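First the structure, in the form of structure tokens, and then the observations on it.
The values are calculated or read from the model by the stated rules, or taken from the named source; none is laboratory data. Because the structure is predicted, anything quoted here is derived from the model rather than measured. Cβ: placed from backbone, ideal geometry, glycine included. Neighbour counts: every protein chain shown.
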There are 2 protein chains.
Amino acid sequence: MSSFKGSYSYSVDSKGRINIPAKMRKNLSPDANDLFIITRGFETCLFLYPNDEWIKVEHSLRQLSPADPRHRYVTRTLLQYATESQLDGQFRIIIPKELLQFAKIENEVLILGMLERIEVWNPKVYSDYMTAQSQNESYESVAATVFKPSQE
Amino acid sequence: MSSFKGSYSYSVDSKGRINIPAKMRKNLSPDANDLFIITRGFETCLFLYPNDEWIKVEHSLRQLSPADPRHRYVTRTLLQYATESQLDGQFRIIIPKELLQFAKIENEVLILGMLERIEVWNPKVYSDYMTAQSQNESYESVAATVFKPSQE
DNA sequence: CATCATTGTGGGTAAAAGTGGGGAATTTTG
DNA sequence: CAAAATTCCCCACTTTTACCCACAATGATG
């Protein structure tokens, strides 16, 4: 099980390649086979799953019935953005143009560790997001309601 | 087990041939023997099953009762339009005119990975479908039902 | 502090992928 | 049985991708 953490500023080169930070590489399971699945995330960022973690997402999609119209919509919505990408010899992945455009990414990215997944943001978009969130409600007060005692 | 994903824009040539995206080819089981079964899908698209996955569809059809009129109707509809097609040397399949007409496909197609099957759409039909569906349920609310905390 | 390994970044090139079309082989049709 | 049409199997061209190599900057080591 992965446990990505931290934030890193990295560059995107002209071929759409992004380096995976060395500290995150050390968190990769051998089961991932250096294969990532990149997809659209929440807000305006990209989710990056190592293959072994993506399989869990896929498992919940496989529970859906192909005969149910709403289930078909869910599967299509989720899978249409998903792309596989293999680490190259320099531990970089290629992110397709469409996904870069969606996340408004140009030359610089912010890479965030989020336990089972990695998030990739346009740094400006991320700081705007953080500013907006903290103006609604302080980090402390959100945390107070999020971390509730378990119900058992 | 296949796990097709992603969406790809490809062209249909004058002979009705469509290329199978390289990333999807890599997901093909050797058991498929480069043989596909194409049939009518739901929502005006075509379903494309590699042979090994089609066998599972057939298996579930065999579970249906020949004595039930509604079962017979479903089985006939699915099988009536099913066609086999072998990959050519350039990894393309030929789609019969009748199926292209059914899906309103002309020069361009959208190819969607849907885990065990591949869907082929007229791009316009797909974007209309997505627009209509997303009025009811946005990407984020769909994604929220799939990206759930792990059950431990 | 000098040396060496690792990391992040850039770019060139051979291979693969996507697309189009010719012509032989096969089937269909009058 | 010959003509027409269709299918299949190649070949060819352009674009994209994968796989190298290179190098400066950083960090680790004795």
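Just checking, which of A:25, A:62, A:76 is within 16 Å of residue A:113 (Cβ to Cβ) and among the basic types (Lys, Arg)? If you could, list the steps in order and put the result at the bottom.
Details: A:62 fails: within 16 Å of residue A:113 (Cβ to Cβ); A:76 fails: within 16 Å of residue A:113 (Cβ to Cβ).
Result: A:25 is the single residue among A:25, A:62, A:76 that is within 16 Å of residue A:113 (Cβ to Cβ) and among the basic types (Lys, Arg).
Please go through segment A:27-56 and give me each residue that is assigned to a helix (DSSP H, G or I) and closer than 14 Å to residue A:83 by Cβ, ordered by number.
Filtering segment A:27-56 for residues assigned to a helix (DSSP H, G or I) gives A:30-32, A:51-56.
Answer for segment A:27-56, where residues must be assigned to a helix (DSSP H, G or I) and closer than 14 Å to residue A:83 by Cβ: A:51, A:54.
With respect to residue A:34, is the statement that it is within 16 Å of DNA strand C (Cβ to nearest atom), without any contact (Cβ under 8 Å) to a residue 60 or more places away in the chain and not β-branched (Val, Ile, Thr) true?
Details: within 16 Å of DNA strand C (Cβ to nearest atom): yes; without any contact (Cβ under 8 Å) to a residue 60 or more places away in the chain: yes; not β-branched (Val, Ile, Thr): yes.
Judged against the criteria, residue A:34 is a match.
Considering segment B:2-25 alone, what residues qualify as being over 18 Å from residue A:58 (Cβ atoms) and either assigned to a loop (DSSP other than H, G, I, E, B) or in contact with a helix residue (DSSP H, G or I) (Cβ under 6 Å, 6 or more places away or on another chain) (or both)? Please lay out each step first, then the result.
So in segment B:2-25, the residues over 18 Å from residue A:58 (Cβ atoms) come out as B:8-22, B:25.
B:13, B:14, B:15, B:16, B:20, B:21, listed by residue number.
Mind telling me which of the residues A:48, A:99 ends up being within 21 Å of residue A:116 (Cβ to Cβ), modelled with pLDDT of 95 or more, more than 10 Å from every other protein chain (Cβ to nearest Cβ) and touching a Leu at 6+ places or on another chain (Cβ under 9 Å)? Explain how you work it out, then say what you get.
Working: A:48 fails: touching a Leu at 6+ places or on another chain (Cβ under 9 Å).
Just one listed residue meets the conditions, A:99.
Among the listed residues A:81, A:8, A:49, which satisfies the condition of being under 17 Å from the mean Cα position of the chain (by Cα), surrounded by fewer than 19 Cβ atoms within 10 Å (Cβ to Cβ) and among the aromatic types (Phe, Trp, Tyr)?
Details: A:81 fails: surrounded by fewer than 19 Cβ atoms within 10 Å (Cβ to Cβ); A:49 fails: surrounded by fewer than 19 Cβ atoms within 10 Å (Cβ to Cβ).
It is A:8.
Do you know which residues across segment B:52-78 are among the β-branched types (Val, Ile, Thr) and exposed (fewer than 15 other Cβ atoms within 10 Å of the Cβ)? Walk me through it before giving the result.
The first filter runs over segment B:52-78 and keeps only residues among the β-branched types (Val, Ile, Thr), leaving B:55, B:57, B:74-75, B:77.
Listed by number, the residues that qualify are B:55, B:74, B:77.
Report yes if some residue within segment A:59-80 is within 16 Å of DNA strand C (Cβ to nearest atom), over 14 Å from residue A:40 (Cβ atoms) and within 10 Å of another protein chain (Cβ to nearest Cβ); otherwise report no. Don't jump to the end; show me each part of the working.
Looking only at segment A:59-80, we keep the residues that are within 16 Å of DNA strand C (Cβ to nearest atom), and these are none.
No, segment A:59-80 has no match at all.
State which residue is farthest from residue B:11 (Cα to Cα) when the search covers only segment B:123-133 and only residues that are surrounded by fewer than 19 Cβ atoms within 10 Å (Cβ to Cβ) and more than 8 Å from chain A (Cβ to nearest Cβ).
Step one: filter segment B:123-133 for residues surrounded by fewer than 19 Cβ atoms within 10 Å (Cβ to Cβ), giving B:123-125, B:127-132.
From the residues that got through so far, the ones that are more than 8 Å from chain A (Cβ to nearest Cβ) too are B:123-125, B:127-129, B:131-132.
Numbers: B:123: 11, B:124: 14, B:125: 16, B:127: 17, B:128: 19, B:129: 20, B:131: 23, B:132: 25 Å.
Among residues in segment B:123-133 that are surrounded by fewer than 19 Cβ atoms within 10 Å (Cβ to Cβ) and more than 8 Å from chain A (Cβ to nearest Cβ), the one farthest from residue B:11 (Cα to Cα) is B:132.
Might you check whether a residue that is touching a residue at least 24 places away in the same chain (Cβ under 8 Å), closer than 23 Å to residue B:3 by Cβ and of a type in the set (Ser, Thr, Tyr) occurs anywhere in segment A:6-20?
no
Among the residues in segment B:121-129, are any in contact with a Pro (Cβ under 9 Å, 6 or more places away or on another chain) and either closer than 21 Å to residue A:74 by Cβ or touching a residue at least 24 places away in the same chain (Cβ under 8 Å) (or both)?
Residues of segment B:121-129 that are in contact with a Pro (Cβ under 9 Å, 6 or more places away or on another chain), as a first pass: none.
No, every residue in segment B:121-129 fails to be in contact with a Pro (Cβ under 9 Å, 6 or more places away or on another chain) and either closer than 21 Å to residue A:74 by Cβ or touching a residue at least 24 places away in the same chain (Cβ under 8 Å) (or both).
Select from segment B:11-46 the residues that are buried (at least 16 other Cβ atoms within 10 Å of the Cβ) and of a type in the set (S, T, N, Q) and write down the one among them that is nearest to DNA strand D (Cβ to nearest atom).
It comes out as B:19.
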